[in-house]
Amino acid sequence: MSLVFKRKSVRKYTDEKVPDDVIENLLKAGMQAPSACNQQAWEFIVVTNEEDKKAISEMHKFATPAANASHLIVTLGNLNKAKAYRMIEQDLGACNENILLQATHEGLGAVWLGFHPVEDRTLKLKEYLDIPDYCIPFSVICVGYPAHEIPVKLRYDESKVHFDRF
Ligand SMILES: Cc1cc2nc3c(=O)[nH]c(=O)nc-3n(C[C@H](O)[C@H](O)[C@H](O)COP(=O)(O)O)c2cc1C
């Protein structure tokens with residue numbers, strides 16, 4: 001089975017810190033994603049500070065995994081660098097998934113916390129991390145070494161597949 005079938009959301013981590021070169025590999029994987037017109041209009045904020053992780057974990061009720069993660073990777077869409085700006089969310093989705101798959105490959109646990117397009121969440125993140133108006137705070141990815149194993153459940157559902165017409 002490929003990495004795709006091994007990835008799952010991991011929300012509890014050990015205290016072990018993820019080395020810088022491994023974080024760099026996650027960023028390289030993110031930047032390797034496909035993007036509309038190859039615009040690559042993404043930016044990343046790597047959050048390492050405990051106080052900042054705690055503050056982000058309190059920004060919405062599903063953000064609690066941020067508090068115990070080794071690092072947070074905030075993914076942003078830079079509208080100043082976008083050529084096909086209406087596609088930027090899709091670019092960032094591909095970028096996020098690449099980061100999650102690379103995290104699986106590195107033996108890490110990770111979870112994607114949704115921020116964009118929920119306005120109150122993105123405003124809190126923008127204000128807290130000094131994100132300029134031309135950047136969309138897309139998501140926060142929590143990464144760390146998994147505190148426990150999570151079994152994978154396969155989801156293939158033949159009834160959702162249509163050949164030739166719906
Ligand atoms: C757009 C998006 C937003 C998500 N937001 C959150 C979140 O805020 N908090 C969280 O714990 N998980 C979040 N998740 C993870 C999903 O809950 C998870 O992917 C889903 O339950 C399926 O489980 P799996 O990732 O283990 O396959 C999000 C996933 C996506 C794609």
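Observations, loosely collected:
- From LEU129, LEU79, LEU100, residue being over 13 Å from TRP42 (Cβ atoms) and touching a Phe, Trp or Tyr at 6+ places or on another chain (Cβ under 8 Å): LEU100
- Residue match in region 29-36 (condition: in contact with a Leu (Cβ under 8 Å, 6 or more places away or on another chain), away from the ligand (no atom under 14 Å from the Cβ) and under 16 Å from ASN96 (Cα atoms)): yes
- When residues of region 55-89 are limited to those that are of a type in the set (Gly, Ala, Ser) and touching a strand residue (DSSP E or B) at 6+ places or on another chain (Cβ under 7 Å), the one surrounded by the most Cβ atoms within 10 Å (Cβ to Cβ): ALA69
- Hits in region 107-143 - residues which are hydroxyl-bearing (Ser, Thr, Tyr) and assigned to a loop (DSSP other than H, G, I, E, B): TYR134
- When region 131-150 is filtered for residues that are free of Cβ contacts under 8 Å to residues at least 12 places away in the same chain and either within 13 Å of the ligand (Cβ to nearest atom) or closer than 25 Å to LYS17 by Cα (or both), only GLU149 remains.
- Some residue of region 99-114 being surrounded by fewer than 20 Cβ atoms within 10 Å (Cβ to Cβ), away from the ligand (no atom under 14 Å from the Cβ) and aliphatic (A, V, I, L, M): no
- Given (1) more than 20 Å from PRO137 (Cβ to Cβ); (2) among the hydrophobic types (A, V, I, L, M, F, W, C); (3) at pLDDT 95 or above; (4) within 16 Å of the ligand (Cβ to nearest atom), index of the condition MET1 fails: (3)
- Taking region 77-97 as the range and being more than 15 Å from the ligand (Cβ to nearest atom) and not in a loop (DSSP other than H, G, I, E, B) as the test, the residues that pass are ASN78, TYR85, ARG86, MET87.
The values are calculated or read from the model by the stated rules, or taken from the named source; none is laboratory data. Everything numeric here is computed off the predicted structure, so don't read it as measured data. Counting neighbours? That spans all protein chains shown, and the Cβs are built from the backbone with ideal geometry, glycine included.
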